[in-house]
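To start, the structure under review is shown below, and the notes come after it.
The values are calculated or read from the model by the stated rules, or taken from the named source; none is laboratory data. As the structure is a computational prediction, the values presented were derived from the model and not from experiment. Every residue, glycine as well, gets a Cβ built from its backbone with ideal geometry; the counts of neighbours run over all protein chains shown. Ligands, DNA and RNA are stripped out before the accessible areas are found, and what is left, the full protein with its side chains, is counted by its heavy atoms. Shrake-Rupley method; radii C 1.70, N 1.55, O 1.52, S 1.80 Å.
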Amino acid sequence: MLYNEPHPLEVRVLTRRFGLPNSQSIDTYLATDGYVGFRKALEMPPERIIEEVKISNLRGRGGAGFPAGLKWSFVPRESPKPKYVVVNADEGEPGTCKDRVLMENDPHQLLEGMLIAARAVGAETGYIYIRGEYRYIIEILDRAIEEAYARGYLGRNILGTGMNFDVYTHTGAGSYECGEESALLESLEGKRGQPRIRPPFPAVSGAFGCPTVLNNVETFCAVPAILRDGGAAFAALGTPRNGGTRLFALSGHVNRPGVYELPMGFNLLRMIEEVGGGIRGGRKLKAVIPGGTSCPILKAEECDVAMDFDSVAKAGSMLGSGGVIVMDETTDMVKVAVRVMRFYQHESCGWCVPCREGTIWLRKILERLDAGRGQPSDIDLVAEISRNMLGRTFCPLGDAAAMPTISYVQKFREEFEARLPKKVAVETPLVVV
Amino acid sequence: MEELVKLTIDGKQVEVPAGTLVINAAKAAGIEIPAFCYYDGLALQAACRMCLVEVKKAPKLLTACTLVAQPGMVVHTETPAVVEARKAMLEFLLTNHPLDCPVCDKGGECELQDMVFRYGAGESRFLEQKVHTEEKQFSPLVYFDAPRCILCYRCVRICDEGLGVKALGVVHRGVYTEIGPNRGDHLECDECGMCIDICPVGALTSGRYRYKTRPWEMQHVGTICAHCSNGCKTTLGVRNDAIIRANNRDRSGLNGEFLCVKGRFGFDFVEHPERLRTPLVREGGELRPVNWMQAVALVARRFEEIRARGGRIGVIGSNRTTNEENYCLQKFARQVLGTNHIDHHRTGDVVALVDALAGRTGALATTGDLYRTRAALVIAADLAQQQPFLAFQLRANWRHHGLRLYAVTPGPVREEQYAVRSVRCRPGEELAAVEGLAAELKGEPELVILFGDAVKGELVHRLVAFGDSLGIPVKYVCLVDYANSRGAADMGLLPDLLPGYRPVAEAGLERGMALPEILAAPDLDALWVVGANPLKDAPLASTAAFVVVQDLFLTETARRADVVLPAASAYEKTGTFTNVCGEIQQLRKAIDFPGAKTDLEIFGLLARAMRAEIGPANPEKVFEEIRATVPGYNVALPVLAAGGAAPSSPQNGRVPVEWRPELIRSARDTLFRSGTLGRYSQALNSVTEAPGELYRG
């Protein structure tokens, strides 16, 4: 089922089957160019597949925006070790719910993307690491995997080509940290979900110490279209160096929240006004978190920005995972900061010092400020603690907690100051003669 | 020739082997990069973020503990950005730290204190409530105070990687993350206490030491452990003539940081209430306290009397007394008492090995060889239980250099966790199983063979012949039980051998009675037992024999004695021990025990009372004599004086004695048992309930 009506401004590549009757079934999939990209890939030498993905300018949709083709090219094909394809379906970034609809509505698209990646790097096993909360989606995926086996798209000797590929779903246990690729691999291997020292990167030493292609759901889902229609066609949909379309999870104070597939580089204000139907209740826009809560907030006047990785970075934030959170003028920024920090404090894995101790400290100060028990020095302290975490943590979770916090304090300092307790006149002490 | 890499650290040109981590490259150049979680020889963590350094062209600070030195790399370790980062990390660490330094065991020797003193801020900006959890007891010996923990994961790594026990793990998440036992709420482990010593702060504390003293109030005496044959250096913390703790935090000695439960906690037998404090003499069937003069005079008179009438005197020496004492004892027996009925409890057939290796040098492996050898073969021994340091050394070799280990054992052993080949055999069929491995072993570049008491007598010769047949360099370790078992054999506490494995015929003597024969002789006139408890296992046939026992406790043997002389323990004397690998190390006296005398002093007193001349009862003087007269013991004194281990090299020639394999019998102590001493150690007794089988494999 769909959560929102499609919008005419959308460019539907990955979501083209959304809304079709039985869009989850392999029959619908095959009737709508399903597995065409994979069949093409079977005819191509592996290097050509990777080349095509490179041409598409597809950048990782999990948040970091690393070019997918480049990532695949790091996998040493000649390595005697088995290779793995791992899907990061641990969609945990607050404000993001795009992988969910992709898997829910078109699971075979994901499987086809995995098959193409497997073909490109010579993998025979694939894992879909999916967050435990998406239990019903695991059932959808498992059904799709069963269908694919039945029709010869998975298993031994796929389509008579001699290619072998098995796919398994694997549940996470509810940790945000396990969306970080190396922590995901640890968790997949049955260990405590905490990140690994890198290098080596997963392409060289990933699942079970073997070369691994690890991408986000949306990244894999873009691959069938790239192979089917050509990398150049996909690239042309977006802006330079930012190929294709992207699923934006538009939420917050808009009239029509939902997941919309828009070309890379789509203007943020236009997204809010036209796609999202404007701010709820005709209020004024105050700020936007453009890519999930890890991204620094943009004030209303900063929101005239093209939504691609480079432009948003230039504007001082990140495109992240595409979770656009819109806030109107009634939003209390101190409460936003508290809520976001509560999340990161709860999710900090505890491995490294600055993230483990920094997030709880920040949370406590912010909660105190919010409760009206702050001190004037607290506001600068919040910024300084965040800066002390920034760039010094073991994995990006610490940065994800620090960066937005710095932006809240810098951009909405007056709201924090307004929360400080009013000065109370000190009574003259009673002098006992 | 290994490849070298040139880089610049703080303006200094540094040249290090390729693959060196920047933190170690800096150390080589005399630059300290602070770190908590980095620990030499354990897996990398990069968790504490203390070692962040600035590297030219890197966009952000990098952890020196995971950064491999690259040619031309330019590293700065003291820039404002680095200094500020360190300060920030320490501030973070202290936010939820209880700062209970005034009552913390680690106060004064705490790495967190040191780091804050050197790099930290002078004031606190933390106004919030700290996260607090209650202290937990993991075992009788290990306590854990989570708030003090800085989560460097050293304890988890040493337990898993170092010992192969995996008793400790990580529980909960984020700021609530804690170290915890992997099985339930308590430790089922070796109780080695490595986790306590390796802890940089006061989070893991010792059940025996906690809240007893401040570190600076103790004197630290580096000596050799009194228990098993591995010869670990242990540093005793002494205050007011009491041993408060033992550890080896300075990683000196052949064992580095390693100590097992005995070395770290098993020292408390010295203060057991049943420790003998005065000589005892049997009067009217009862042992009654007398003074030393009376006791010595009585023994001297009886010995003289029995000697004068040509009576048979049996002498049983110890696996725990020093080389000097063993040397003097056999000298006393042979020269003063004129008896050659002298023996000790033999726990491994060292004699047969020395004989089998006649004509070659360097065929006895040292503890260092165990860490470096490319391949090792363990025969019929449970190293983790009986030779804990050797087990640690082999495991470290496997972790660091990929040792290929072969194990041939009757039962499961922990080495099987990583052995390339493990073979189960029925007791008595060990060698046949070993010979089945010939083809595989021939492919190894070198081999160290460690064998237990199942290989003895002729079998030792068969084993050495097998080693020769492999066509590769082979070294041997004959496993023995106790702190100076090896020294007892080297010093000639044997009825057929003089010190240095020289036949008694050289001294014009006949072969004497061995231990069981002494006990079984119905016409024995006197039995002199020094630091041994032979009557625990066998009765004394001669009911009329005059029995003298020197011991710490009233053992089964001492209870039969006519005179009991209270002896000093290894921690109360100086001298030397020779460990299982033939390495000589020096004991340093930690405390005085009132009432007791060292066995050497006792020999001196007896000699004087008998107007006999055995030389000065001074360990240094006796060792001089040993160096001059015992083949293989002419070692460099400065090595010993500096706390080092000097390898001995026993006589290089055939040892023409009759093989007596039936005399070789290991006591098969476990990690938690240690003969008489173990029985009187409260610490060891407190953990003997720990199920020793559980953590294997």
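Details
- Looking only at residues in the range B:90-99 that are open to solvent by 20 Å² or more (accessible area, probe 1.4 Å) and of a type in the set (A, V, I, L, M), the one that is nearest to the other protein chains (Cβ to nearest Cβ) is B:94.
- Subset of the range B:100-152 (residues that are under 18 Å from residue B:86 (Cα atoms), assigned to a loop (DSSP other than H, G, I, E, B), away from chain A (no Cβ under 13 Å) and open to solvent by 30 Å² or more (accessible area, probe 1.4 Å)): B:122
- Selection within the range B:231-282: residues that are more than 21 Å from the chain's Cα centre (by Cα) and among the charged types (D, E, K, R). The member of this set that is farthest from residue B:677 (Cα to Cα) is B:282.
- Qualifying residue in the range B:3-10 (condition: open to solvent by 30 Å² or more (accessible area, probe 1.4 Å), within 12 Å of chain A (Cβ to nearest Cβ) and under 29 Å from residue A:384 (Cα atoms)): no
Conditions (1) within 14 Å of chain A (Cβ to nearest Cβ); (2) assigned to a loop (DSSP other than H, G, I, E, B), marked per residue:
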residue: B:175; (1), (2): yes, no
residue: B:179; (1), (2): yes, no
residue: B:184; (1), (2): no, yes
residue: B:190; (1), (2): no, yes
residue: B:195; (1), (2): no, no
residue: B:202; (1), (2): no, yes
residue: B:220; (1), (2): no, no
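- Screening residue B:53 against (1) under 25 Å from residue A:387 (Cα atoms); (2) under 36 Å from the mean Cα position of the chain (by Cα); (3) assigned to a strand (DSSP E or B) leaves a single unmet condition, (2).
- Among the residues of the range B:65-78, those that are within 14 Å of another protein chain (Cβ to nearest Cβ) and open to solvent by 10 Å² or more (accessible area, probe 1.4 Å) comprise B:66, B:67, B:68, B:70.
- Of the residues making up the range A:139-186, those that are within 14 Å of chain B (Cβ to nearest Cβ), open to solvent by 20 Å² or more (accessible area, probe 1.4 Å) and assigned to a helix (DSSP H, G or I) are A:176, A:186.
- Among helices (runs of 4 or more DSSP H) entirely within the range B:588-697, having at least 3 residues that are acidic (Asp, Glu) and within 28 Å of residue B:342 (Cα to Cα) singles out B:619-629.
- Any chance residue B:471 is surrounded by fewer than 24 Cβ atoms within 10 Å (Cβ to Cβ), modelled with pLDDT under 95, not aromatic (Phe, Trp, Tyr) and not in a helix (DSSP H, G or I): no
- Among the residues of the range B:518-541, those identified as in contact (Cβ under 8 Å) with a residue 40 or more places away in the chain and either among the aromatic types (Phe, Trp, Tyr) or open to solvent by 60 Å² or more (accessible area, probe 1.4 Å) (or both) are B:523, B:528.
- Any hit, the range A:316-339, residues being in a helix (DSSP H, G or I), of a type in the set (Lys, Arg) and more than 23 Å from residue A:255 (Cβ to Cβ): no
- In summary, residue A:317 fulfils each of the numbered conditions (1) more than 28 Å from residue A:218 (Cβ to Cβ); (2) in contact with a Pro (Cβ under 6 Å, 6 or more places away or on another chain); (3) of a type in the set (Ser, Thr, Tyr) with the single exception of condition (1).
- Of all residues in the range B:138-172, those satisfying the criterion of being more than 19 Å from residue B:40 (Cα to Cα), touching a residue at least 12 places away in the same chain (Cβ under 8 Å) and more than 27 Å from the chain's Cα centre (by Cα) are B:145, B:146, B:147, B:148, B:149, B:170.
- Screening residue A:386 on (1) facing chain B (nearest Cβ under 8 Å); (2) open to solvent by less than 10 Å² (accessible area, probe 1.4 Å); (3) in a helix (DSSP H, G or I) shows it passes everything except condition (1).
- Within the range A:330-344, tally of residues that are open to solvent by 10 Å² or more (accessible area, probe 1.4 Å) and either in contact with a His (Cβ under 9 Å, 6 or more places away or on another chain) or within 14 Å of chain B (Cβ to nearest Cβ) (or both): 4
- Figure legend. Inter-residue proximity from the range B:475-495: first residues over 17 Å from residue B:452 (Cα atoms), second residues surrounded by fewer than 24 Cβ atoms within 10 Å (Cβ to Cβ) and charged (D, E, K, R), beta-carbon distance below 7 Å, spacing 6+ or different chains. Indicated pairs: B:495/B:511.
- Any hit, the range B:17-30, residues being on the phi > 0 side of the Ramachandran plot, surrounded by 20 or more Cβ atoms within 10 Å (Cβ to Cβ) and more than 32 Å from the chain's Cα centre (by Cα): no
- Listed by position, the helices (runs of 4 or more DSSP H) contained in the range B:256-358 that have at least 1 residues being small (Gly, Ala, Ser) are B:261-265, B:292-308, B:350-356.
- Pairs where the first residue, in the range B:207-218, is at positive phi and assigned by TED's automatic domain parsing to the domain that holds residue B:243 and the second is at pLDDT below 95 and assigned to a loop (DSSP other than H, G, I, E, B), C-beta under 7 Å, 6+ apart: none
- Output for the range A:356-372, where each listed residue is more than 7 Å from every other protein chain (Cβ to nearest Cβ), open to solvent by 10 Å² or more (accessible area, probe 1.4 Å) and part of a helix (DSSP H, G or I): A:363, A:367, A:368, A:370
- Helices (runs of 4 or more DSSP H) completely within the range A:1-84 that count 2 or more residues being farther than 24 Å from residue A:260 by Cα, in contact with an Asp or Glu (Cβ under 9 Å, 6 or more places away or on another chain) and of a type outside the set (Ser, Thr, Tyr): A:36-43
- Candidates B:547, B:580, filtered to the one that is assigned by TED's automatic domain parsing to the domain that holds residue B:302 and open to solvent by less than 10 Å² (accessible area, probe 1.4 Å): B:547
- Of the residues making up the range B:560-573, those that are farther than 16 Å from residue B:319 by Cα and either over 30 Å from the mean Cα position of the chain (by Cα) or crowded, with 24+ Cβ neighbours inside 10 Å (or both) are B:560, B:561, B:562, B:563, B:564, B:565, B:566.
- Flag if residue B:254 is of a type in the set (A, V, I, L, M), more than 29 Å from residue B:564 (Cβ to Cβ) and buried (at least 19 other Cβ atoms within 10 Å of the Cβ): yes
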